Amino acid sequence: MCLNRKDLGLLALRGAVGGVLIAHGTQKLFGWFGGGGLEGTTQAMEHMGFHPARQSAIAAGAGEAGGGVLLVAGLAGAVVAGTMAGAVAVHAPGGFFATSGGYEYPAFLGATGLALGLAGPGRYSLDHLTCHVLDRPWMGLLAFTASVAGAYGVVARRRHAVRLREERAAVEADEQEGSGLS
């Protein structure tokens, strides 16, 4: 058996990025690796404008951890790309660089998922072991389309919730300002 360098490189990349995603997802779901667990993530999701917050926390954790497992196995780059698109939207107000709370890191993970989804997982994967049953052009297009649609829906729903929260805060501020004695 001759080892193929390109396929080994794809396996290493899938393992590294998938491992990072698994760690991030399990922080959200179980509190592993110093994470907040489901309760802490639910509170964070509420604060960021995701409603319903608990379901959003579960979806984010499952998207990261599950996407990471599938990526390591060589089955799903689209899941990673879609999950990270939602994270990019949350971090976008902070600009690009992670040092200012920006989207640099989730964009990198999402782009890597996209690239692996387009390139394919290589020989050392479940996809190869199953004779590429799921590796069909129409399935890849369907997976990326569903991923984009899901990410768009989540981001649009969050944007709407944040806008409503800001409008309520402005009305409350006006009411408090108007209730003072002159």
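One table, with the values for the structure above:
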{"item": "When the chain is reduced to its Cα atoms, the Kirkwood hydrodynamic radius in Å", "result": "17.8"}
{"item": "Accessible area in square angstrom per residue, segment 1-96, 1.4 angstrom probe", "result": "49"}
{"item": "Loop-located chymotrypsin sites (Phe, Trp or Tyr not before Pro) in segment 27-126, at most 13 other Cβ atoms within 10 Å (DSSP)", "result": "Phe96, Phe97"}
{"item": "Positive-pole candidate from Gly102, Gly122, His47, dipole of segment 11-140, charges at beta carbon", "result": "Gly122"}
{"item": "Cα-centre dipole for the chain with unit charges at Cβ (Lys and Arg positive, Asp and Glu negative), debye to 20", "result": "720"}
{"item": "Degrees between helix 5-30 axis and first principal axis of the chain (Cα, 0 to 90, nearest 10)", "result": "30"}
{"item": "Acute angle (nearest 10 degrees) that the helix 37-48 long axis makes with the longest principal axis of the chain, alpha-carbon atoms", "result": "50"}
{"item": "Angle in degrees between helix 137-178 and the longest Cα principal axis of the chain, rounded to the nearest 10", "result": "10"}
{"item": "Value at 222 nm in deg cm²/dmol, rounded to 500, when DSSP H runs of n ≥ 4 in the chain each add -39,500 (n - 2.57)", "result": "-25500 deg cm²/dmol"}
{"item": "Rounded percent of accessible protein surface that carbon and sulfur make up, the chain, 1.4 Å probe", "result": "67"}
{"item": "Spin-label model distance (nm) - Ala62 vs His128, 7 Å beyond Cα toward Cβ", "result": "3.1"}
{"item": "Cα pair distances in segment 23-67, grouped into 5 Å bins until the bin that holds the longest one, percent each", "result": "6, 32, 33, 22, 7, 0"}
{"item": "Selection of chymotrypsin sites (Phe, Trp or Tyr not before Pro), segment 125-164, meeting DSSP coil and at most 16 other Cβ within 10 Å", "result": "none"}
{"item": "Top positive-direction residue, dipole computed over the chain with Cβ charges, set Ala16, Gln27, Ala92", "result": "Ala16"}
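The values are calculated or read from the model by the stated rules, or taken from the named source; none is laboratory data. None of the values given here were measured: they were computed from a predicted structure. Reconstructed Cβ throughout: ideal geometry from the backbone, glycine too, with neighbour counts over all protein chains shown. Just so you know, the surface numbers come from the protein's heavy atoms only, side chains and all, with ligands and any DNA or RNA stripped out. Shrake-Rupley method; radii C 1.70, N 1.55, O 1.52, S 1.80 Å.
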